[in-house]
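The values are calculated or read from the model by the stated rules, or taken from the named source; none is laboratory data. Everything numeric in this text was worked out from a predicted model, so none of it was measured. Neighbour counts are summed over all protein chains in view; Cβ atoms, including those assigned to glycine, are modelled from backbone coordinates with ideal geometry.
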Amino acid sequence: MKVKYIAWISSLILIVGMSCTSGEQPRVGDELPSDGASKKILIVYLSRTNNTKAVAEMIQAQMGGKLVALELANPYPADYRTTVDQVAQENASGFLPPLATKIDSIDQYDLIFLGFPTWGMQLPPPIKSFLAQYNLAGKTIAPFNTNAGYGIGSTFEQVKTLASRSVVLEGFSTRGGIERDGVLFVMEGGREVKVRGEVAAWLGKLRVK
Ligand SMILES: Cc1cc2nc3c(=O)[nH]c(=O)nc-3n(C[C@H](O)[C@H](O)[C@H](O)COP(=O)(O)O)c2cc1C
């Protein structure tokens, strides 16, 4: 009787212990190797008026890693309205514009910071091209964005869908230019200082340093 009682108590302790373990929430950043030295970083971005580029450079200043600008085989027109119309057509037809940029051995990177402006409340088509062209399975992606103040739109959700075999971390977004109103590059002076602080806070929260 006593033996049975002890066995019953032991299994109860085991079950309670197991349920506590499985109830623990995974924390952002847990997927990354804890050994910082083994984590290789790529920062890849699209930028037309250099706001997203400025954020990419802030990330590189804090994290290190290789910085790559995505260039197109056929660049978009200089005219804003014509570009908006072309992007709308590409989104509607699912056209993936070919990239001129080639990234050597993407396999070597563990963590990819992926930067883009919001275009038509979506991911710019060249970012869709990048996600279709490279196998990012098993990698960690940290998206970052600038926009004219209308927000990220569906961009972060689209990254999750198009990189479904990657771990997509919480993204960073901040206000950039308003090309429609002739406001192009804004990441200077007080705005640059403020955004640098926001980027540092985001990186701290991700615990990827
Ligand atoms: C074709 C195009 C479409 C855009 N669509 C949006 C939009 O839907 N929402 C928004 O907030 N900003 C939009 N913008 C503004 C950019 O997101 C904003 O200016 C951004 O900071 C530009 O980043 P960049 O300087 O790295 O190119 C658009 C800009 C362009 C060129």
* To do: Keeping to the stretch 157-181, report how many residues are touching a residue at least 40 places away in the same chain (Cβ under 8 Å), surrounded by fewer than 18 Cβ atoms within 10 Å (Cβ to Cβ) and either touching a His at 6+ places or on another chain (Cβ under 6 Å) or part of a loop (DSSP other than H, G, I, E, B) (or both).
  => 1
* Return the total of residues in the stretch 50-69 being within 22 Å of PRO125 (Cβ to Cβ), away from the ligand (no atom under 11 Å from the Cβ) and touching a residue at least 40 places away in the same chain (Cβ under 8 Å). => 0
* **Matching residues in the stretch 24-58 - criterion: being part of a helix (DSSP H, G or I), out of contact with any helix residue (DSSP H, G or I) (no Cβ under 6 Å at 6 or more places or on another chain), of a type outside the set (Ser, Thr, Tyr) and at pLDDT 80 or above** => ASN51, LYS53, ALA54, VAL55, ALA56, GLU57
* Asked: From the set of residues in the stretch 85-108 that are in a helix (DSSP H, G or I) and surrounded by 15 or more Cβ atoms within 10 Å (Cβ to Cβ), which is nearest to the chain's Cα centre (by Cα)?
  -> ILE106
* Asked: Which members of the stretch 146-186 meet the condition of being of a type in the set (A, V, I, L, M, F, W, C) and near the ligand (Cβ under 8 Å from one of its atoms)?
  -> ALA148, ILE178, VAL183, LEU184, PHE185, VAL186
* **Yes/no for ARG207 being of a type outside the set (A, V, I, L, M, F, W, C) and within 10 Å of the ligand (Cβ to nearest atom)** => no
* Tally, over the stretch 102-118, of residues that are within 16 Å of the ligand (Cβ to nearest atom) and not small (Gly, Ala, Ser) -> 5
* Asked: Of all residues in the stretch 182-201, how many are assigned to a helix (DSSP H, G or I), without any contact (Cβ under 8 Å) to a residue 40 or more places away in the chain and of a type in the set (A, V, I, L, M, F, W, C)?
  -> 2
